[in-house]
Amino acid sequence: MKKTLYLMLALTTQSVFARLQSVKVPFDVFTSVVAKQAETFGSTASSSVLSSAVCPEQTKSFTAATGLRTSVSRPDSKLVYTFFYNHKGEASGEVPRLSVKQLEGTQDKSIREVAVEQAGTLGQLLPSTERLEIRKLKVSGTINGDDVLVLREMAGRNSDDEETEGKLEELDLSDVALADGGSPYYSTTRGNYYTATSYDVDENEENFYCTDLSYAFCNTHLKKVLWPNTMWEVGDAALNRCYELESFTLGSETNEIKSGAFEYCTALSNIELTPKILYIGMRTFANSGLTEISIPKEIETIANQAFYKCEALKKIDFSDGVKEIKEAAFSYCSALEEIHLSKVLTKIGKEAFYACSSLTEITLPKKLINIGEDAFGACKALKEIKVEAGNTAFTSIDGVLFNKEKTTLLTFPFANTANYQVPVGTTKIAPSAFSECNKLASIQFPNTLIEIGSEAFYKCLKLENITLPNSITAVGEGAFYGCEGLLLAELSKSMTIIPDNLLSKCTKLQKIKIPEGINKIAYQAFSNCSSLTKVEIPSSVNSIEGESFKACESLNEIYCYIKEPLTIEEDVFKGVNVGTCNLYVTAESIEQYKNSEVWKDFLVKPIPNTTGKNNVIQQNEIVKVCGNTITIQGELTAPIHIMDTSGKTIYYGTEREISVGKHGIFLVKTGHKVTRVML
C-alpha cells in the first residue's frame, strides 16, 4: 500500500494552488502535481513525505499539515519558516494544522507567530532546540497547561520556578483561549496550577484549576504582554515579581485584576485600566513602579494594600465611582503629592494613606462618614486637612481634623508644627492622632480631656514633656511609645492602669512616679527606658506584668510602697542590674521582700524618712521643693509655667506636684509671680 500524506495549503496570492485547500494524495502523485503546475514548488525530500517547499514570490503566508519537519522559503526574501516535527513520520492519519506567517518582512528568527488549533501542541510547533532563542512571540488558538508551561519556560522559569535559558520578552496572547487539561504549569508547596474552562479546587486544596492564568508568568523575564481578549480576569499573581515588565495590555473583555497580579513589577510605570475593569484585588500593584493611575468609574472599592508602597506613584485620578478605600491601600506611596478623592467616597480604611510622606494637603468629600485609624499617619509633609462643606461627620479646626461635635481630635497634620494646645472641650484624642509627628516638641492638654487612644503619640521623637491632667481616666496601649526625647512624664491620678508599652523606648526618660490609684502595670509599660534611674510604685498596685521594666539598664532606685511583695515573673526586671539596684520599701516589709522571689535579688532598704530640702532661691510662700519635685500651694489664678534659664518650657499645666526630670535652676511662674528654684 502506498504511503499517503495529508496536505493543506493556503496562499494569499493567486496561484494554481489557491484552490487546493485540503487534499489527500499519494506522495508520487503530489510530486508530479508540483512539478507540472508550479516550477517554484518542489520536493527535496528523500523520504515519502514532504520535507521542504519554496513559495512563489509575494506569498504572504503558507499553511500546511505534514508529517516530518518541513521548511518553507520564499525566493524574493530568502526567508525560511520551519514546520516542526509533529507527527513522528507516520504515513497517514490526522495531523494538526500548523501556521507560520511572515512578520513585517524581518529575517529575525527570534520573532515568531504560531497558531495552535489543538491544545497541548505548542511544544511540537516550537521544539526545544529553537524555542529558548525566541524573544517575541504571538500565539493564537487554544492552549492548555502543557502550552502554558512551554511559554513559561521560554520566559525564563519552569513549573517549579527554577531558572531556564529562555529569552522570551514579548508575548501576545490576545487571540488565545484556554482549554482543560495538560500538566500543571506551576507548582508550589501550596499546590499545582492547571488551565481550565471553569474554576475548581480539589477537596484537598492541592490542585487549582484556573480560568485566569493564576501564577502563569510569575517571576519570569517578560517585558511586554498582551492579555487574552476573551479572558475575564488577570489571575492571582499572574505576573507577580516580573521585575522587567514594562508594558501590559488588558484583554478587551477583562473586568477583574486579582490579588498580587502585578506585585513587585518595578519596571511597570503605567497601565491603562479599561472602563470594563470592575475590581482590583488585594496587593494587585503593591511595590510596583507605577507613576500614575486612573481609576475607572466602575470600580467602587480599592482593596487592601492594592497600591501599597508604590514609591514612584505621584498622581491618582479617582473617578466618582470609588466609595471605599480599604486598609493600607496607598500606604508608603512616598512620592504622592496630591489626591482628589471621589465625591461618592464614604469610607477610608485604616492606614489607607499612611506614610505618604510627600502629601501636603487633602480635602475630605461631603459624603465621607468613616475614617480608619492612622489613615493619614506619618504623612510628614501634610500641612492641612480640609473638609468639604456639608460633611456631617467631620470638621477641621485650623487644619486639624475633628469629629463634627469637636469632641474628638482625629488627625493632626503636623508639618512644621512644634507646639500645640488641644482645644478646651476636647474629650478624646483618637488612636494614632499624632503618630510620628517628629516636629512636635510640646503639647498642652485641657482639663476636659478624658481619653487618649492607643499609639496617639507614637514615636513623637522631639516631644520633651507630658503632663496628663487628672481628668484623663484611660490611656491606650503604646500611647507614648518611642518618644525618645521625652524627659518628663507626669501621669493622671485618675488612671487605674498603666497600659502595655505606655512609655516603652522613651530612652531619655529619667524618673517616673506612678500615681496612687494605679492598680496594674501592664506588659512592657516602661521597657527599654535606658536612662530611667528612679521609679516610684504606689501601694495601690496589685499587678506588675512581664517585662514591665525590661532593659531599664540605668535603674538604681525603686521606691515601692506595696506592703506585701507581689508575685511577679523573673522577666519584669530583665536587663536590670538588680544586684546594684536599691529597692526601698516600708520598714515593716523589709524581711518579706528579702525572702521573696525576684525582689530578694535587689538591695532591699527602708524608705528614707526625709522631709526634703527647701531649695527655693527667691522665696515665695506658695512654691516648695522636695527632692526633684516642685510643689505649688495656695490658690492658683493661672496655669503653672516652669521654664529653664533659657526660657524653654519644662511644664505647663495645673498640676500642683511636678517632677522635673533633670537638675538645675528653673523659673516657676504662678500668675504674675516668678520664683527661681534649684533642683
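The values are calculated or read from the model by the stated rules, or taken from the named source; none is laboratory data. Computed from a predicted structure; not experimentally measured. Cβ coordinates were reconstructed from backbone atoms using ideal geometry, including for glycine residues, and neighbour counts include every protein chain displayed.
Please work out which residue is farthest from the chain's Cα centre (by Cα), limiting yourself to the stretch 440-466 and to residues that are of a type in the set (S, T, Y) and surrounded by fewer than 23 Cβ atoms within 10 Å (Cβ to Cβ). Can you show your working first?
Taking the stretch 440-466 first, the residues of a type in the set (S, T, Y) are 442, 448, 454, 458.
With surrounded by fewer than 23 Cβ atoms within 10 Å (Cβ to Cβ) added as a condition, the list becomes 442, 448, 454.
Values: S442: 32, T448: 38, S454: 22 Å.
Filtering the stretch 440-466 for residues that are of a type in the set (S, T, Y) and surrounded by fewer than 23 Cβ atoms within 10 Å (Cβ to Cβ), the one farthest from the chain's Cα centre (by Cα) comes out as T448.
Tally up the residues in the stretch 536-553 that are among the small types (G, A, S) and surrounded by fewer than 19 Cβ atoms within 10 Å (Cβ to Cβ), please.
First pass over the stretch 536-553, keeping only residues among the small types (G, A, S): 539-540, 543, 546, 548, 551.
Now narrow it down to the ones that are surrounded by fewer than 19 Cβ atoms within 10 Å (Cβ to Cβ): 539-540, 543, 546.
Of the residues in that region, 4 qualify.
Would you tally the residues in the stretch 372-394 being crowded, with 16+ Cβ neighbours inside 10 Å, part of a strand (DSSP E or B) and not aliphatic (A, V, I, L, M)?
Final tally of qualifying residues: 1.
When residues of the stretch 554-576 are filtered for being loosely packed, with under 14 Cβ neighbours inside 10 Å and within 44 Å of the chain's Cα centre (by Cα), how many remain? Lay out the reasoning, then the answer.
Pass one, the stretch 554-576, residues loosely packed, with under 14 Cβ neighbours inside 10 Å: 563-564, 567, 570.
Keeping just the survivors that are within 44 Å of the chain's Cα centre (by Cα) gives 567, 570.
Of the residues in that region, 2 qualify.
Okay, residues lined up against (1) under 19 Å from T220 (Cα atoms); (2) touching a helix residue (DSSP H, G or I) at 6+ places or on another chain (Cβ under 9 Å); (3) among the charged types (D, E, K, R):
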residue	(1), (2), (3)
F262	yes, no, no
E272	no, no, yes
N287	yes, no, no
E292	no, no, yes
Y308	no, no, no
K315	no, no, yes
S319	no, no, no
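Give just the number: which of (1) over 25 Å from C506 (Cβ atoms); (2) modelled with pLDDT of 85 or more does K574 not satisfy?
For K574, the exception is condition (1).
Given the criterion aliphatic (A, V, I, L, M), closer than 19 Å to P515 by Cβ, surrounded by 19 or more Cβ atoms within 10 Å (Cβ to Cβ) and modelled with pLDDT of 75 or more, identify the matching residue among V660, V677.
Going through V660, V677 in turn, the sole match is V660.
For every residue, the table says whether it meets (1) modelled with pLDDT under 95; (2) hydrophobic (A, V, I, L, M, F, W, C).
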position	(1), (2)
K439	yes, no
I450	no, yes
N470	no, no
A474	no, yes
N519	no, no
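Out of contact with any helix residue (DSSP H, G or I) (no Cβ under 7 Å at 6 or more places or on another chain), among the small types (G, A, S) and under 28 Å from G349 (Cβ atoms), is that true of S435?
Numbers: out of contact with any helix residue (DSSP H, G or I) (no Cβ under 7 Å at 6 or more places or on another chain): yes; among the small types (G, A, S): yes; under 28 Å from G349 (Cβ atoms): yes.
The answer is yes for S435.
Please give the number of the condition L245 fails out of (1) in contact (Cβ under 8 Å) with a residue 40 or more places away in the chain; (2) assigned to a loop (DSSP other than H, G, I, E, B).
Only one criterion in (1) in contact (Cβ under 8 Å) with a residue 40 or more places away in the chain; (2) assigned to a loop (DSSP other than H, G, I, E, B) is unmet by L245, namely (1).
Give the residue that is modelled with the lowest pLDDT, with candidates limited to residues of the stretch 412-430 that are in a loop (DSSP other than H, G, I, E, B) and in contact with a Phe, Trp or Tyr (Cβ under 9 Å, 6 or more places away or on another chain). Let's see the steps before the verdict.
Of the residues in the stretch 412-430, the ones in a loop (DSSP other than H, G, I, E, B) are 412-418, 422-427, 430.
Add one more test, that the residue is in contact with a Phe, Trp or Tyr (Cβ under 9 Å, 6 or more places away or on another chain), and what stays is 412-414, 422-423, 426.
Details: F412: 95, P413: 90, F414: 77, V422: 97, P423: 97, T426: 98.
The qualifying residue modelled with the lowest pLDDT is F414.
Is the stretch 153-174 home to any residue that is part of a helix (DSSP H, G or I) and at pLDDT 95 or above?
So the first thing to find is which residues in the stretch 153-174 are part of a helix (DSSP H, G or I), and the list is 153-154.
Narrowing further to those that are at pLDDT 95 or above: 153-154.
Yes.
With the requirement that a residue be over 18 Å from V541 (Cα atoms) and touching a Phe, Trp or Tyr at 6+ places or on another chain (Cβ under 8 Å), what does the stretch 554-573 give you?
L555
Condition first: touching a Ser or Thr at 6+ places or on another chain (Cβ under 9 Å) and either crowded, with 16+ Cβ neighbours inside 10 Å or part of a strand (DSSP E or B) (or both). Now tell me which residues in the stretch 400-411 satisfy that.
Answer for the stretch 400-411, where residues must be touching a Ser or Thr at 6+ places or on another chain (Cβ under 9 Å) and either crowded, with 16+ Cβ neighbours inside 10 Å or part of a strand (DSSP E or B) (or both): V400, L401, F402, N403, T408, L409, T411.
For the structure I just gave you, tell me whether T407 is closer than 22 Å to G653 by Cβ and either not aromatic (F, W, Y) or not assigned by TED's automatic domain parsing to the domain that holds E464 (or both).
Numbers: closer than 22 Å to G653 by Cβ: yes; either not aromatic (F, W, Y) or not assigned by TED's automatic domain parsing to the domain that holds E464 (or both): yes.
Yes, satisfied.
Before we move on, is K508 charged (D, E, K, R), at pLDDT 95 or above and in contact with a strand residue (DSSP E or B) (Cβ under 6 Å, 6 or more places away or on another chain)? Show your work before the answer.
Numbers: charged (D, E, K, R): yes; at pLDDT 95 or above: yes; in contact with a strand residue (DSSP E or B) (Cβ under 6 Å, 6 or more places away or on another chain): no.
In short, no.
With respect to S357, is the statement that it is in a loop (DSSP other than H, G, I, E, B), surrounded by fewer than 22 Cβ atoms within 10 Å (Cβ to Cβ) and of a type in the set (S, T, Y) true?
Working: in a loop (DSSP other than H, G, I, E, B): yes; surrounded by fewer than 22 Cβ atoms within 10 Å (Cβ to Cβ): yes; of a type in the set (S, T, Y): yes.
Taking the combined requirement at face value, the residue satisfies it.
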